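Read the figures in this text as sums done on the coordinates, not as results from a lab. Treat the numbers as computed from the prediction; the structure is a model and nothing was measured. Heads up, the Cβs are rebuilt from the backbone with ideal geometry, glycines too, and the neighbour counts pull from every protein chain shown.
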Amino acid sequence: MIFSNIKELFLKLVTHKLEESALEDFIIVENLPEAFCKKCGRKEKIYKRPFCKITARCSWCSTQHNVIKFKQLSSFTLYDYLKFICYYILGIKPNAMSIMLNKSAGTIKRQIRTLREIITSKYECSLNKIGGIGHVVEIDETCVGRRKNHRGRVRNQVWIFGAVDRSTGRFLMKKVQNRKSETLGNAIEQMIEQYSHIESDEWPAYFKYFSENNFYTHSTVNHTFNFIDPLTGSHTQTIEARWGSFKKWMRSMGYKSRIKLNQYILEYILRCDYKNEDVWKLFEKIINLIS
């Protein structure tokens, strides 16, 4: 983290109370990693310069260069890029961002794509499993790209498997190739801690998987007769509500590409993980991801 007082920085950016010249007051060069001269290999000293520039200089051979912390700054100043992240967090549409930042809509969309790629590569690696002893986890699958009025090509359908921990509210999902027992079983083991109690509908692949594995306890609900099983109380209401929320969010963001579906999934999971936190904490998390 190269910024001090991240909460104040975020609040001043979103309320337009921070001038670009004042941004350098939030930059802490001491928190930057050590830089070494590419010419002679000696350690460089890092300086803050006007206009939020950070320069590394070798005192031995006098070589100096700008330290660009974020690779995305090719078409942005640091000040504008931080505002872009704030607008992205707040869900402002690309066309509105282009006006607010005086950039083309194409530039904004490219930056959003780049940011999603970083989230996909870095945040996915840090995700922990959900569930555990004493936890109830609901699982289900949903289809993205379903045919409307039974028209269109079936091959456009993409399946997503998801799980929600009813105790903590944490929600995970991932794109899967199909709904076969082996595929869904692998997804379950990747996302859910052993010895969790899992509740699902009566899709045959679940029966097959849980009959062959004793890592979890399992109960079902038959949706033909009940939304909540009258005997066990098992249901999948929570995760089905999450599917509706996810698809509504995708439509609101204009996300339609099947190829980028995994990026959409990771962005949504990140937003869900910080839904009950102060919004500036999501800003801090994204800064850490792109640093």
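Taking a ≥ b ≥ c as the square roots of the eigenvalues of the Cα gyration tensor of the range 196-235, is the shape rounded (a/c under 1.5), prolate (a/b larger than b/c) or oblate?
Note, shape of the range 196-235 comes out oblate.
Relative to the Cα centre, what is the charge dipole magnitude of the range 133-291, using +1 at the beta carbon of each Lys and Arg, -1 at the beta carbon of each Asp and Glu, and rounding to the nearest 20 debye?
1320
Quote to one decimal, in nm, the extra length available between Ser98 and His197 on full extension: 0.36 nm per residue of separation minus the C-alpha distance between them.
30.9 nm
Tally Lys and Arg at +1 and Asp and Glu at -1 over the other residues with C-beta under 9 Å from the C-beta of Trp203: what net charge comes out?
Residues close to Trp203 contribute a combined charge of -3.
So how long is each side of the chain along the principal axes, counting just the alpha-carbon atoms, biggest first, in Å?
Sorted from largest, the Cα extents of the chain read 74, 41, 34 Å.
Would you mind computing, in nm to one decimal, how far apart the modelled labels at Ala22 and Glu182 are, each placed 7 Å from Cα along Cα→Cβ?
6.1
Can you compute the modelled spin-label distance between Lys45 and Leu127, with each label point 7 Å from Cα toward Cβ, in nm?
So the two model labels end up 4.7 nm from each other.
Give me a comma-separated list of calculated 3J(HN,Hα) values for the range 202-208, in order, Karplus coefficients 6.51, -1.76, 1.60 applied at θ = phi - 60°, integers in Hz, x for any Gly or Pro.
The phi angles translate into 9, 5, x, 4, 5, 4, 5 Hz.
Please go through the range 196-291 and write out the trypsin sites (Lys or Arg not before Pro) that DSSP classes as loop and that have at most 16 other C-beta atoms within 10 Å.
Lys256, Arg258, Lys260, Lys275
Per-residue HN-Hα couplings for the range 176-181, Karplus 6.51 cos²θ - 1.76 cosθ + 1.60 at θ = phi - 60°, whole Hz, x for Gly and Pro?
10, 6, 7, 10, 6, 4
Using each residue's phi in the range 246-256, evaluate 6.51 cos²θ - 1.76 cosθ + 1.60 at θ = phi - 60° and report the 3J(HN,Hα) Karplus result to the nearest Hz, with x for Gly and Pro.
Each residue of the range 246-256 in turn: 5, 5, 5, 5, 4, 5, 5, 8, x, 7, 10 Hz.
Pop the C-beta distance of Glu189 and Thr232 into the FRET formula with R0 = 22 Å and round what comes out to the nearest 0.05.
Taking R0 as 22 Å, the efficiency between Glu189 and Thr232 is 0.40.
Quick query: amide H of Phe3 versus all other amide H atoms, modeled in the peptide plane; which residues come in under 5 Å with a sequence gap of 5 or more or a different chain?
HN-HN under 5 Å from Phe3: Ile28.
Could you state the angle between the C-alpha long axis of helix 261-273 and the longest principal axis of the C-alpha atoms of the chain, as a value from 0 to 90 degrees rounded to the nearest 10?
Rounded to the nearest ten degrees, it is 80.
The range 136-258: Rg/Rh from Cα coordinates, Kirkwood Rh?
0.97
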